[in-house]
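Input: a single structure, listed below in structure tokens.
What follows is calculated from the coordinates using simple rules that are stated; it is not laboratory data. Being a predicted model, the structure only gives us computed values, none of them experimental. Ideal geometry is used to build each Cβ from the backbone, glycine not excepted, and the neighbour counts take in all protein chains shown.
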Amino acid sequence: MNIRQVQPATIALLVAGALVLATGLYTVNTGLQLAGGLILIVGAILALGQASGPPRDR
């Protein structure tokens, strides 16, 4: 597993999910909480898949 293989777009997805979740928690908006949680789950799955995949050439 190599964390350097995770693409910048995946990291941006994780950051966006964290911001949406934080906004939902701050405003007590369950829709934003659900959306942020789902975005974080998808981002985590993508990051794990990219980190554990075969090395890619740059």
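Quick one: count up the residues across region 1-40 that are more than 27 Å from residue 53 (Cβ to Cβ) and part of a loop (DSSP other than H, G, I, E, B).
2
If you scan region 1-45, which residues turn out to be touching a residue at least 40 places away in the same chain (Cβ under 8 Å) and of a type in the set (A, V, I, L, M, F, W, C)?
Taking region 1-45 and keeping what is touching a residue at least 40 places away in the same chain (Cβ under 8 Å), we get 1-3, 5-7, 10.
Those that are touching a residue at least 40 places away in the same chain (Cβ under 8 Å) and of a type in the set (A, V, I, L, M, F, W, C): 1, 3, 6.
Which residue is surrounded by the most Cβ atoms within 10 Å (Cβ to Cβ), if the candidates are limited to region 25-58 and must be of a type in the set (Val, Ile, Thr) and within 13 Å of the chain's Cα centre (by Cα)? Outline the logic, then answer.
If we filter region 25-58 for residues that are of a type in the set (Val, Ile, Thr), which is where we start, we get 27-28, 30, 39, 41-42, 45.
This time we only want the ones that are within 13 Å of the chain's Cα centre (by Cα), so: 39, 41-42, 45.
Numbers: 39: 19, 41: 11, 42: 14, 45: 11.
Among those that are of a type in the set (Val, Ile, Thr) and within 13 Å of the chain's Cα centre (by Cα), it is 39.
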